[in-house]
Amino acid sequence: MQLQENALFANRYQLIKLLGRGGFSEVWLAQDTFTSIDIALKVYAPGSGMDDDGVKTFSEEIRRTWTLNHSALLKPQHFDVDNNMPYLIMPYCSEGSCLRRIGKMTEFDIWSLLADVASGLDYLHSQDVIHQD
């Protein structure tokens, strides 16, 4: 199943707009049809899905990192699997990613951003988690 605008994902989330795509996932602006809340929906292996071993491995990684809490980390709200495609529900950040701010940030803003990223990575490493991006 290829994801596309206006499609209903997992019988609940109306896909509004593709926000980003990586080698292994897509992030969509979606609306929860039960609550009418805009959310960020991150779908892993969109289209093809994963085999049972892949879903199990991914679920174990989510379990391992679910309780992590740091101000520089985006906290997932829900995890599930639909059609062998694991997905995360996360808060929608209407300002988008840092990429949109390139060339518009002051030196202070850049240093603050770098400090936040370094702090988040330091926290992850202290929890024996390696961020793979």
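Pairs of alpha-carbon atoms within less than 8 angstrom and 6+ residues apart define the contacts here; what relative contact order does segment 4-63 have, in percent? The value is 21 percent.
In the chain, the calculated helix contribution to ellipticity at 222 nm averages -8500 deg cm²/dmol per residue, counting -39,500 (n - 2.57) for every DSSP H run with n ≥ 4. Quick one: work out Rg over Rh on the C-alpha atoms of segment 66-133, Rh as Kirkwood radius. On the Cα set of segment 66-133, Rg over Rh gives 1.03. Peptides 72-80, 16-24 ranked from most to least packed give 72-80, 16-24, packing being the mean of other C-beta atoms within 10 angstrom over each peptide's residues.
Computed from Cα atoms, the angle from the helix 107-126 axis to the main principal axis of the chain rounds to 60 degrees. Take the Cα radius of gyration of segment 35-88 and divide it by 2.2 N^0.38 Å, N being the number of residues; the result is 1.22.
Ligands, DNA and RNA left out, the accessible area of the chain computed with a 1.4 Å probe is 50% carbon and sulfur. Each of the peptides 42-49, 101-108, 30-37 was scored by the mean count of other Cβ atoms within 10 Å over its residues; in descending order, highest first, they stand as 42-49, 30-37, 101-108. The relative contact order of segment 19-133 comes to 23 percent, based on Cα pairs under 8 Å that sit 6 or more residues apart. Scanning residues 5 or more positions from G20 or on other chains, those with amide H under 5 Å from its amide H are V27, with H placed 1.01 Å from N in the peptide plane.
The values are calculated or read from the model by the stated rules, or taken from the named source; none is laboratory data. Computed from a predicted model, the values in this text were never measured in an experiment. In this analysis, Cβ positions are derived from the backbone assuming ideal geometry, glycine residues included, and neighbour counts consider all displayed protein chains. For the accessible areas, the whole protein counts, side chains as well, though only heavy atoms, and no ligand, DNA or RNA atoms are used. Shrake-Rupley method; radii C 1.70, N 1.55, O 1.52, S 1.80 Å.
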